[in-house]
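Some notes on the structure that comes next.
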Amino acid sequence: MNLLFVCTGNICRSPLAEVIARAEADARGWADVSCASAGTFAFPGQPASGPGVAVAAAHGLDLAAHASRELSLELLEWADLIIGMEASHARAAARLVPDAAVHVMTDFLPAHHERSKGGVPDPYGGDVETYEATRKLLALAMRGLFDALGDDPRGGREGSGP
């Protein structure tokens with residue numbers, strides 16, 4: 001199963017979602033899950049935001065080597081499931097590949113959650129506390145996403161990432 005996480009600049013939300021997804025797959029023993037991220041308006045080669053790197057590291061996640069990349073047809077075709085951080089990101093992916101399985105990250109939050117269906121707020125320019133709130137939201141939604149995938153995510157294509 002190939003999961004692609006999409007945000008705007010690919011320096012805050014989607015890279016954090018990518019490493020959280022990898023950790024969730026590892027925790028569940030799902031070796032057949034590959035994760036990647038991209039941005040709809042990314043400037044290629046940019047590092048993850050400083051507060052995002054710090055928050056990730058505080059939770060044993062590594063964003064130090066992240067380099068942003070633009071959303072591409074190649075990435076979209078690689079992905080079995082595309083998860084936008086906001087509805088606009090999901091729409092951008094669906095415009096490029098209309099048959100793709102596309103969702104918004106907050107679709108996987110519990111129905112009663114205040115952000116359910118509302119998208120993941122952009123922490124860009126925020127402090128460590130803002131990024132920690134984003135990480136918590138992503139982690140909760142990620143558990144919901146992996147629960148929705150069921151016990152065996154191997155229905156998709158194998159791959160180590162594009």
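Got a number for carbon plus sulfur as a percent of the stretch 71-147's accessible area, 1.4 Å probe?
Values: 2000 of 3860 Å².
Carbon and sulfur atoms account for 52 percent of the accessible area of the stretch 71-147.
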Q: Between Lys136 and Leu73, with labels modelled 7 Å along Cα→Cβ, what's the label distance in nm to one decimal, could you check?
A: 4.3 nm
Q: Positive end of the charge dipole of the stretch 24-162 (Lys, Arg +1 and Asp, Glu -1 on Cβ, about the Cα centre): tell me which of Ala64, Ala27, Ile83 has its Cα farthest that way.
A: Ile83
Q. Which residues' amide hydrogens lie under 5 Å from the amide hydrogen of Ser34, considering only partners 5 or more residues apart or on another chain, with H built in the peptide plane?
A. Asn2, Leu3
Q | Glu70 long-range amide H proximity, modeled H, under 5 Å | A | Gly39
Q.
Can you tally the net charge around Arg115? Count Lys and Arg as +1, Asp and Glu as -1, for every other residue whose Cβ sits under 12 Å from the Cβ of Arg115.
A. -1
Q: Give, in whole angstrom and from largest to smallest, the semi-axes √(5λ) of the equivalent ellipsoid of the stretch 96-138, with λ running over the eigenvalues of the Cα gyration tensor.
A: 23, 15, 7
Q: Could you go through the stretch 46-59 in sequence order and give the Karplus-derived ³J(HN,Hα) for each residue, using 6.51 cos²θ - 1.76 cosθ + 1.60 with θ = phi - 60°, rounded to whole Hz, and x for Gly and Pro?
A: 6, x, 5, 4, x, x, x, 4, 5, 5, 4, 4, 4, 10
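I'd like the carbon and sulfur percentage of the solvent accessible area for the stretch 1-47, probe radius 1.4 Å, heavy atoms only, ligands and nucleic acids excluded.
That fraction is 58 percent.
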Q: Enter the accessible area per residue of the chain (Å², integer; probe 1.4 Å; all protein chains in place).
A: 47 Å²
Q) What is the spin-label model distance, in nm, from Asp147 to Asp127 if the labels are put 7 Å beyond Cα along the C-beta direction? A) 3.3 nm
Q) In Å, what Rg and Dmax follow from the Cα atoms of the stretch 1-149? A) 13.8, 38
Q. Near the amide H of Ala101, under 5 Å away, which other amide H atoms are found, from residues 5 or more places off or on another chain, if H is placed in the peptide plane?
A. Ile82
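Sort His112, His66, His89, His59 from largest to smallest accessible area, using a 1.4 Å probe on the heavy atoms of the protein chains.
Numbers: His112 160, His66 30, His89 5, His59 85 Å².
Sorted descending by solvent-accessible area, the residues read His112, His59, His66, His89.
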Q: Could you check the simple spin-label distance between Ala94 and Lys117, using points 7 Å along Cα→Cβ, in nm with one decimal?
A: 1.4 nm
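Relative contact order for the chain: what is it in percent, counting Cα pairs under 8 Å that are at least 6 residues apart?
Details: 343 pairs, mean separation 49.1, N = 162.
Relative CO of the chain lands at 30 percent.
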Q: For the stretch 100-106, just list the computed ³J(HN,Hα) in residue order, Karplus coefficients 6.51, -1.76 and 1.60, θ = phi - 60°, integers in Hz, with x standing in for Gly and Pro.
A: 5, 7, 10, 9, 9, 3, 6
Q: For the stretch 1-64 and the stretch 89-151, compute the distance between their C-alpha centroids and round to whole Å.
A: 12 Å
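Using only the Cα atoms of the stretch 53-113, construct the convex hull and provide its projected area averaged over every direction, in square nanometres to one decimal.
Values: hull surface 22.9 nm².
Reported value for the Cα convex hull: 5.7 nm².
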Q. Which whole number of Å³ per residue matches the convex hull of the alpha-carbon atoms in the stretch 15-97?
A. 102 Å³
Q: Quick one: what are the phi-derived ³J(HN,Hα) couplings along the stretch 23-40, Karplus 6.51/-1.76/1.60 with θ = phi - 60°, whole Hz, x for glycine and proline?
A: 5, 5, 4, 4, 4, 8, x, 8, 6, 8, 10, 10, 10, 8, 9, 7, x, 6
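The values are calculated or read from the model by the stated rules, or taken from the named source; none is laboratory data. Source: prediction; values computed, not measured. Ideal geometry is used to build each Cβ from the backbone, glycine not excepted, and the neighbour counts take in all protein chains shown. Note: accessible area is taken over every heavy atom of the protein model, side chains too, but ligands, DNA and RNA are not part of it. Shrake-Rupley method; radii C 1.70, N 1.55, O 1.52, S 1.80 Å.
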